[in-house]
Amino acid sequence: MKRIGVLTSGGDAPGMNAAVRAVVRKAIYHGVEIYGVFGGYAGLISGNIRKLELGSVGDIIHRGGTFLYSARCEEFKTKEGQGKGIEQLKKHGIEGLVVIGGDGSYMGAKALTEHGFPCVGIPGTIDNDIPGTEFTIGFDTALNTVIDAIDKIRDTASSHDRTFVIEVMGRNAGDIALWAGLAGGAETILIPEDEYDMKEIASRLKKGHERGKKHSIIIVAEGVMSGYEFGKQLKEETDFDTRVTVLGHVQRGGTPTAFDRVLASRLGARAVELLMEGRGGRAVGIEKNQMVDYDIIEALAKKHTVDLNLYKLSKELSI
Ligand code: ADP
């Protein structure tokens, strides 16, 4: 393979830049030309494609977001859109493509692979919800942002004897809520993967209150319900007033952590190796601290599961 492309797609995540940098530098190290596709699949269809040099990715390893820009593109879900994308790739002499993004972006990479164009997917999303990897790029940074917020809220909570509800991202996956809740010492963690019992939560909070606990912190993943809805339901069961914080998009931004930068560098380099070995149609990931790769179609057929042992532990430690 003499020339490859790279794009970022879907929701941005801190560490995507570090992944692009690794793809670019690894390719050039091995004498492969590298082209950046700007603006995700929309940029692919419109031909927003430029050659990248070593210097193009200087000074970005520590920046959140993605300098290649990202986009959502409905047209790419159609055969015509995908055909236009392949035409552009051929026009630029690109023989393989690295796609950095979430499961939607993987669907696009899968479609290209099915049309015979080799793609490798790199998991980039703060949600940690991609099958075929234990961690996705951006998750660790998002977690640290949430923990920082929990710690700050804990300071004010302990001064005021109040119940605080923090709504975090996670429509289908409770990873952010679970890991941040465990690391932040939350009393209750609500994740989309499990049922909740408001009566039981209320009774635990009341007991804590009776034995002199000054405050409670509850983490709700947005996929369960909004933080405000939780506050309303809790008020119906107890007389507790809650203070609700919705963290929203701050969870997407910020300087990537060392973990995310190293993960992104490893995954980016591995993706290039696979394309150079002529192994397209793969999704790279990390398991037990080793690089792994799966058939992208098989990877998508699997389901991401939240770590249930960790969930059990969080319950045991928050009595
Ligand atoms: P994420 O990659 O973060 O999950 P999205 O679900 O929005 O984000 O997907 C990003 C983009 O991937 C979409 O805007 C679309 O261009 C492309 N995509 C999503 N699903 C498909 C599909 N079934 N076929 C082809 N492309 C898709």
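None of the figures in this text is laboratory data; all of them are computed from the coordinates on show. All of these numbers come straight from a predicted model, not from anything done at the bench. Because the Cβ atoms are built from the backbone with ideal geometry, glycine has one as well, and the counts that use them run over all protein chains shown.
Each Lys or Arg adds one and each Asp or Glu takes one away; over the other residues whose Cβ falls under 12 Å from the Cβ of Gly15, this sums to +2.
Here the 3J(HN,Hα) profile of segment 266-273, calculated from phi with Karplus coefficients 6.51, -1.76 and 1.60 at θ = phi - 60°, is 5, 5, x, 5, 5, 4, 5, 4 Hz, Gly and Pro shown as x.
Of the residues Val98, Ala186, Val24, the one whose Cα sits farthest towards the positive end of the charge dipole of the chain is Val24 (charges of +1 on Lys and Arg Cβ, -1 on Asp and Glu Cβ, taken about the Cα centre).
Along segment 58-73 the Karplus relation, 6.51 cos²θ - 1.76 cosθ + 1.60 evaluated at θ = phi - 60°, assigns HN-Hα couplings of x, 6, 10, 4, 9, 9, x, x, 9, 6, 7, 6, 10, 7, 9, 9 Hz to successive residues, with x for each Gly and Pro. Helix content alone sets the calculated 222 nm mean residue ellipticity of the chain: runs of n ≥ 4 DSSP H residues at -39500 (n - 2.57) each, divided across all residues, give -13500 deg cm²/dmol. Of the residues Ile126, Ile153, Ile217, which exhibits the maximal mean-square fluctuation in a Gaussian network model of the chain defined by a 10 Å Cα contact cut-off? The residue with the greatest mean-square fluctuation here is Ile153. For segment 29-90, the gyration tensor built on C-alpha atoms gives an oblate shape. Its axis ratio a/c (a ≥ b ≥ c) is at least 1.5, and a/b is not larger than b/c.
Restricting segment 247-319 to GluC sites (Glu not before Pro) that sit in a DSSP loop and have at most 13 other Cβ atoms within 10 Å of their own Cβ leaves Glu277. Can you classify segment 48-133 as rounded, prolate or oblate using the Cα gyration tensor, where a ≥ b ≥ c are the square roots of its eigenvalues, rounded means a/c under 1.5, and otherwise it's prolate if a/b beats b/c and oblate if not? Taking the square roots of the gyration eigenvalues as a ≥ b ≥ c, segment 48-133 is oblate.
When the chain is treated as a Gaussian network with alpha carbon springs shorter than 10 Å, the biggest mean-square fluctuation among Gly116, Gly85, Gly65 belongs to Gly116. Net charge near Val220, counting Lys/Arg +1 and Asp/Glu -1 over other residues with Cβ under 9 Å of its Cβ? Local charge sum for Val220: -3. Its Cα centre serving as origin, the chain has a Cβ charge dipole (Lys and Arg +1, Asp and Glu -1) of approximately 800 debye. Counting only Cβ charges, +1 for Lys and Arg and -1 for Asp and Glu, the dipole size of segment 228-287 around its Cα centre is about 440 debye. Compared with the alpha-carbon gap, the fully stretched path from Glu200 to Val250 is longer by 14.9 nm at 0.36 nm per residue. The antiparallel fraction among DSSP beta bridges confined to the chain stands at about 25%. Taking amide H as placed 1.01 Å from N in the peptide plane, the amide H of Gly184 sits under 5 Å from none that are at least 5 places away or on another chain. Measure nothing fancy, just the Cα-based angle from helix 227-237's long axis to the longest principal axis of the chain, in degrees from 0 to 90, nearest 10. For 227-237 against the chain, the angle is about 20 degrees.
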